[in-house]
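K.L.:
One structure is given below, represented as structure tokens, and several questions about it will come after.
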Amino acid sequence: METVESALAKVGVMGERKPNRSLAALLGEAGMSQSQVAGAVNRLAQEAGSHLRCDKYTVNKWIGGTTPREAIRPLVVEALARRLRRPVTLAEAGFPFAVA
């Protein structure tokens, strides 16, 4: 299982973005790799009849501080909630409620 620090170290964030430590911590708590999160999000999107897709590189960008599209955020927290068997909020995952 990857630590928060090692996940953030892989990202190599440049510019003004701040790493999403909250999301990295949730992945660690859930014991999920970036690939596993992407797969879970894609399955949820398919279940919902959505064509949204992501991959491990996309998840890596989110951990690096890029904000996911508003439509995909609920899928990310739902994927984590299912794995953790508890509710996960947008705020807990370090996501804003709406795009500013």
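Taken together, the values in this text are just the output of simple stated rules run on the coordinates, not laboratory data. From a predicted model like this one, the values you see are computed outputs, not experimental measurements. Please note: Cβ atoms are built from the backbone with ideal geometry, for glycine as well, and neighbour counts cover all protein chains shown.
K.L.:
For labels at GLU70 and GLN46 in the simple 7 Å Cα→Cβ model, what's the distance in nm?
P.N.:
2.8
K.L.:
Turning to a different aspect of this structure: Can you give the Rg to Rh ratio of region 4-84, both from alpha-carbon atoms, with Rh computed by the Kirkwood formula?
P.N.:
That ratio equals 0.95.
K.L.:
So for region 4-84, averaging the separation of alpha carbon pairs under 8 Å that are six or more residues apart and normalising by length, what relative contact order in percent results?
P.N.:
On the way: 84 pairs, mean separation 31.0, N = 81.
Relative contact order for region 4-84 comes out at 38 percent.
K.L.:
Summing +1 for each Lys or Arg and -1 for each Asp or Glu, what net charge is found among the other residues whose Cβ lies under 14 Å from the Cβ of GLU92?
P.N.:
+2
K.L.:
Give me the net charge of HIS51's neighbourhood, meaning all other residues with Cβ under 14 Å from the Cβ of HIS51; Lys, Arg count +1, Asp, Glu -1. Don't jump to the answer; show the numbers that get you there.
P.N.:
Numbers: positive: ARG43, ARG53, ARG69; negative: GLU47.
Net local charge, HIS51 excluded: +2.
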